[in-house]
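Structure first, then comments.
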Amino acid sequence: MGSVDIPRESWATRAGFILAAVGSAVGLGNIWRFPFQVGQEGGAAFLAMYLLFIVAVGFPAMLVEFVVGRYTNRNPVGALKQLGSGVWQYVGWIFIATGFIILSYYSVVAGWTIRYFILGLQNEYLADPEASGGQFLELASGLDAIFFHALFMAIVVAVVAAGIKRGIELAVKVMVPAIIVITVGMAIYAFTLPGAGEAYSYYLSPDFGVIAENWTSILPAAAGQAFFTLSLGMGAMITYASYLDEDRNLAEDGAIIVGFDTSIAFIVGLVVFPILFTAGVDPGDPGAGAIFISLAAAFGDIQFGWLIGAIFFGTVAIAALSSAISLLEVVVSYLIDEKGIDRKVAAVGIGGGLFLLGIPSAWDLVLLDLFDLFADQILLVFGGLMLAILVGWVVSEIALEELSKGIGPLGSYGTVWIWLIRIPVIVVLVVALALGVVEYVDFLTGTEEGQFGWWLEENL
Ligand code: TRP
């Protein structure tokens, strides 16, 4: 296999790796997916479960991917072949497939953000939430959506084709600070709205009765969201860590990345829910349209809203770009390392395939859900579970030794990390995966509006 002798690329600067990983993590997962998951899963109860998942499962799982990547210096497929041999090489292929599926609809949603950027420049946000909802439905599916999906995909391909240093590092250096400044500013605006009080209690004070009652749907949703938002479960962080050529403190880097990602999602909630409550919209209702409908209505309402909105959606599009890059990079790095294919050829070819696979999602919101739920609650959780088994039980000695490079003797922290992965993380992921499958089957067969069974009845 290892058919390449050209030296492998590596990050240009020390900050490059952290910025790229933050750039990968912070994206539509935080700004688009997080608020609508909170809305659908009942508010603060979901937030509490999600935060627990981030700390107890997400952070240790991120270190798992980091050590695998830095130790092997390979793409996920190569890395797993090297560490696990046998069946593990098939797991690597599942990663590649997962990246492919996620990016196909991710690009559609990112296309919406470009469309909403332009909508701001045209001064066409609608202040009335209902009208804004209608506008979303019109723009989110159909030819409009396909066009902007194609545009976004083309940009992603261009950046990835340019290579690690010139493309990816540069793109993220601007975006991370911009996102933080804008979301914090908007949270302050949202604080002044009349619905803010009610929204805060919905978002921030969990009713544990709700968790007890709905845990079978909250648990897989929180697990899927944690993996999605941290870019875990399909080797993106393996790939990024594989470009590290020095021994950094991975635990510290991981904590910074998780900290940024979680803070941004949390702040976005502080923006979205006050707006929805002020507009009198039930936060569970708008689903995938939540931020577009609510924020566009707010932008339509305030002075210079068109400008703030254009800046906001423009920034989100850039955040989506830096995440999409990491998804495509996984697939492309596999083709470069294992198949010896030229970077540009790989990027363009895969990009074309992704455009086609994304068309159903751009055509109908239910089909987007079909892809999103499958990738999120099943494939990513499965990928995370496989890596936890590999690192926790098969190569734990190597992993501990690798983690200690750049840190020094791990002592009992190492033991805690490995045992956290060996039992609680694995058990939680098995349960989440089982529930995720049940939920997905329910979605496939369900005939309530918005479920796939309903869609089939409507469309066939
Ligand atoms: N984490 C990104 C977001 O929140 C999406 C993403 C990028 C991703 N790379 C990934 C999700 C790898 C899963 C796996 O928008």
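All of the numbers you see were taken from the coordinates with simple rules; none came from a lab. Being a predicted model, the structure only gives us computed values, none of them experimental. Please note: Cβ atoms are built from the backbone with ideal geometry, for glycine as well, and neighbour counts cover all protein chains shown.
Just how far, in whole angstrom, is segment 383-441 from segment 40-117 if you go by their alpha carbon centroids?
14 Å
Taking the Cα atoms of segment 311-460, report the difference between the largest and smallest coordinate on each principal axis, in whole Å and largest first.
Rounded to whole Å, the extents work out to 60, 40, 38 Å.
On the first, second and third principal axes, largest extent first, how far apart are the outermost C-alpha atoms of the chain in Å?
58, 49, 47
Cut-off under 18 Å on the C-alpha distance; same-chain residues fewer than 8 positions from LYS405 excluded. Which aspartates and glutamates are left, in chain and number order?
Of all the aspartates and glutamates, those that pass the test against LYS405 - Cα under 18 Å, at least 8 places apart if same chain - are GLU65, ASP245, GLU246, ASP247, GLU252, ASP253, GLU397.
To the nearest 20 Debye, how big is the dipole of the chain about its Cα centre, given +1 on the beta carbon of each Lys and Arg and -1 on that of each Asp and Glu?
Dipole about the Cα centre, nearest 20: 1600 debye.
When the chain is fully extended, how far beyond the present Cα-Cα distance does GLU458 get from ALA162, taking 0.36 nm per residue of separation?
Result for the pair: 102.1 nm of gain on full extension.
Counting only other residues whose beta carbon sits under 11 Å from that of GLU338, what net charge do I get with K and R as +1, D and E as -1? Don't skip to the end; give the middle numbers.
Numbers: positive: ARG74, LYS81, LYS339; negative: ASP337.
Cβ neighbours under 11 Å give a net charge of +2.
What list of ³J(HN,Hα) values in whole Hz, one per residue of segment 334-340 in order, does the Karplus curve 6.51 cos²θ - 1.76 cosθ + 1.60 (θ = phi - 60°) give from phi, with Gly and Pro shown as x?
Going residue by residue, I get 5, 5, 5, 5, 8, 10, x Hz, with x marking Gly and Pro.
Answer with one residue from ALA161, PHE228, ILE188: the one whose Cα lies farthest towards the positive end of the charge dipole of segment 137-240, charges on Cβ with Lys, Arg +1 and Asp, Glu -1.
ALA161
Add -39500 (n - 2.57) for each DSSP H run of 4 or more in the chain, then divide by its residues: what number comes out at 222 nm, to the nearest 500 deg cm²/dmol? Before the final figure, lay out each step's value.
Numbers: 22 runs with 340 residues, N = 460.
Roughly -24500 deg cm²/dmol at 222 nm, from the helical runs in the chain.
Net charge within 11 Å of GLY254 by Cβ-Cβ distance, Lys/Arg positive one each and Asp/Glu negative one each, not counting GLY254 itself?
Value of the local net charge: -3.
Given R₀ = 25 Å, FRET efficiency for THR447-LEU143 by Cβ-Cβ distance, to 0.05?
Numbers: r = 29 Å, r/R0 = 1.15.
Given R0 = 25 Å and the Cβ-Cβ separation, E is 0.30.
Can you check what the net charge comes to around VAL77, using other residues whose Cβ is under 12 Å from the Cβ of VAL77 (Lys, Arg +1; Asp, Glu -1)?
So the surrounding residues net to +1.
With charges only on Cβ, +1 for K and R and -1 for D and E, what is the dipole size of segment 166-319 about its Cα centre, in debye, rounded to 20?
I would put it at about 360 debye.
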